[in-house]
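What follows is a set of notes on a single structure, which appears directly below.
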Amino acid sequence: MSYVAVLDAVRNGPASTRPEIADVLHLGRNLVAQRVAWLLSSGLLAEGELSRSTGGRAPRNLRLPAEAGRILVAELDALYLTVASADLQGGLTGFVREAADINDGPERILNRVADLFEQKSDGVGVPLWGIGLGLPGPIEFASGRPVSPPIMPGWNGYDVRGHLSQRFQVPVWVDNDVNVMAFGEHRKGLATSYEDVIYVKVSTGIGAGLICGGRLNRGSQGSAGDIGHIPVEEGRAILCRCGKLACLEATAGGGAIVRDAETLARTGDSPALAAVLQRVGSITLTDVIDAARRGDRTSNELLVRSARMVGELISRVTNVLNPSLILIGGDVTEVGDVYLAEVRQVVFQRAMPLATRALRIEVAPDGDLAGLRGCAFMVIDNLLAPDVASRWISRGSPVGVPDLV
Ligand SMILES: [Zn+2]
């Protein structure tokens, strides 16, 4: 057991040298030296620089070597997927992004993800430790299965974990896409020094990931943060894809902006959008953003209206959770300062003064990378959690140990 404790002390601090480990864990120096020697020979620890001496010979720093194992990660959106390979420090390589329609269903999409994973594994000598996946819908975290996902027809109850773990014979963790984005920013990104963070993704749909007291809060089933399906006043008559009326997502999300833009193009309220519709036959969120940038008032109003509704909902969540940082990510980050300014104004106007006193609201421009990094840390943190690590550490790696999830 003390092998796991030594590894954990080095990875999560505060100990990084043999004397510090002995102090922190209240272990004898000989025992620590023997444990560290074994972990070094297994490749689970590596020696780093000399630390500062406090008198006598300076001890060497120890660290978990990033290259001891690798994690394959994928983040799925409604319209595209991204995959990458990660080292044990969350460093990403081999980033690929391609169009993929989530409506194609789990078999086809996951087979494509697995093919891309296999391409990343060709000729790589570092052992594969696990797989992490982010999906754009509600995920029951314990089973890794989507539950009634509004934008993922055919995925309800699908055994995502089983599909990938059977093919790669490694443990697989699955979470909601916004949760892994929030987690990625918290573990290695814009939110590393914040304990209470809300990450709001506004793309086709809307969702939030919640970091509370330094931990990702999934709620009891995995559904926490699903703010896209909270009703808003303006949406009274709008039916959401989830089957309920007036959801924020159906009223202010990227899909709603596009739907309203097409209506305004047809009625002639926006000549700029009408021209796009006539030329291409459909309108995308990027078209609306471009038109607003070129001075189309109607397009600008659509985006500001979305920002105001999202801001109003965030102000209520702010009163409930009192975050110190709110990150706005997703496709609307392309809108630029206008969107953020509107969200900020509404939140600072509507939320309680104590809740906004030290609050920062910023754009998170790299949601894809944050999500992939979050997927990697979801796997690494789970594999190295003391109760899980104690089941594989005597073998020197989790490779080939079944049922670690
Ligand atoms: Zn809904």
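Values quoted throughout were computed directly from the atomic coordinates according to the rules given, and no laboratory measurement underlies them. Values in this document were obtained by computation on a predicted structure and should not be read as measured data. Cβ sites come from the backbone with ideal geometry, for glycine too, and all protein chains shown count toward neighbours.
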Problem - Beta bridge orientation in the chain: antiparallel %, DSSP, nearest 5 - result: 55 percent
Problem - Positive dipole terminus of the chain, leading residue within 121, 341, 300 (C-beta point charges) - result: 121
Practice task
Please list 150-156, 389-395 highest first by mean number of surrounding beta-carbon atoms within 10 Å per residue.
Solution key: 150-156, 389-395
Fill in the blank from the handout: In degrees rounded to 10, the 0-90 angle between helix 254-267 Cα long axis and the longest Cα principal axis of the chain is 20 degrees
Completion exercise
The summed charge of the residue 355 Cβ neighbourhood (under 11 Å; Lys/Arg +1, Asp/Glu -1) stands at +2
Exercise for the section: Calculate, in nm to one decimal, what residue 23 and residue 349 gain on full extension: separation in residues at 0.36 nm each, minus their alpha carbon distance. Expected result: 112.4 nm
Problem - Selection of GluC sites (Glu not before Pro), segment 87-183, meeting DSSP coil and at most 13 other Cβ within 10 Å - result: none
Handout entry: Gyration tensor verdict on segment 101-245 (Cα atoms; rounded if a/c is under 1.5, prolate if a/b is larger than b/c, oblate otherwise)
Key = oblate
Exercise for the section: State to the nearest 20 debye the size of the charge dipole of the chain about its Cα centre, where the only charges are +1 on K and R beta carbons and -1 on D and E beta carbons. Expected result: 960 debye
Practice task
Provide the net charge surrounding residue 32, with neighbours chosen by a C-beta distance below 15 Å and charges set as Lys +1, Arg +1, Asp -1, Glu -1.
Solution key: 0
Exercise for the section: Provide the gained length on full extension for the span residue 115 to residue 97, in nm with one decimal, where the gain is 0.36 nm per separating residue minus the Cα-Cα distance. Expected result: 5.1 nm
Problem - Positive minus negative residues near residue 401 (Lys, Arg vs Asp, Glu; Cβ under 14 Å) - result: 0
Exercise for the section: Evaluate 2.2 N^0.38 Å with N set to the residue count of the chain, then give the Cα radius of gyration divided by it. Expected result: 1.09
Exercise for the section: Can you spot the lysines whose alpha carbon is less than 26 Å from residue 188's alpha carbon? Ignore those fewer than 8 places along the same chain. Expected result: 120, 201
Exercise for the section: Quickly estimate the mean residue ellipticity at 222 nm for the chain, helices only: each DSSP H run with n ≥ 4 gives -39500 (n - 2.57), and the total goes over all residues, rounded to 500. Expected result: -13500 deg cm²/dmol
Exercise for the section: Once you've got the GNM for the chain with C-alpha springs shorter than 10 Å, pick whichever of 144, 125, 157 has the biggest mean-square fluctuation. Expected result: 125
